[in-house]
Every structure is written in structure tokens, then in C-alpha cells.
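What follows is one structure encoded as C-alpha cells, with my remarks underneath.
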Amino acid sequence: PTLALGCGPDNRLAEMGWTTSIDHDTGRTHWHPPPLMDTGGDTLNHHFHPEELLPPGGDPDGEAGP
């Protein structure tokens, strides 16, 4: 099995059939739900990487350019 660090709530998901994999390019952990719960959504937790949720080239302050 692939081992990864996770917070308490994530660790409890493992008991419900969730699995993990490591992205070899980024080293980030992907969480995969059991087949019946899989909605095709993102498998990364962006909690500590909110910049990944911004549109490409977007202004992080949300202000228009000059």
C-alpha cells in the first residue's frame, strides 16, 4: 500500500475504503474514494494550496489590471 501523511479526518477515510496514491512528479497525495462514492471530482486536497484554485493568470487580489 501507498502510505501518506493525513489529518485525523483523512485517516478515518481509509477505514471506509478510501485509498491513496502519490503523484511521482509533485510528491502530492491523491485520495481516491471507493467506486460507489466516486463522482469524478478532484482527488487532491487544496486546503494548504489555495493558489491552485485560482484561474491561470488571474490576479490573486481580484482587482482589474491597469
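The values are calculated or read from the model by the stated rules, or taken from the named source; none is laboratory data. All figures in this text were calculated on a predicted structure; none of them were measured in a lab. Note that each Cβ is placed from the backbone with ideal geometry, even for glycine, and that neighbours are counted across all protein chains shown.
What to note about this one:
- Those residues of the stretch 1-33 which are among the small types (G, A, S), loosely packed, with under 11 Cβ neighbours inside 10 Å and on the phi < 0 side of the Ramachandran plot, in sequence order: G8
- For the stretch 1-32, filtered to residues that are of a type in the set (G, A, S), in a loop (DSSP other than H, G, I, E, B) and modelled with pLDDT of 75 or more, the residue that is farthest from the chain's Cα centre (by Cα) is G17.
- Residue satisfying all of: in the stretch 34-57; among the hydrophobic types (A, V, I, L, M, F, W, C) and either more than 10 Å from the chain's Cα centre (by Cα) or part of a helix (DSSP H, G or I) (or both); surrounded by the fewest Cβ atoms within 10 Å (Cβ to Cβ) among these: L36
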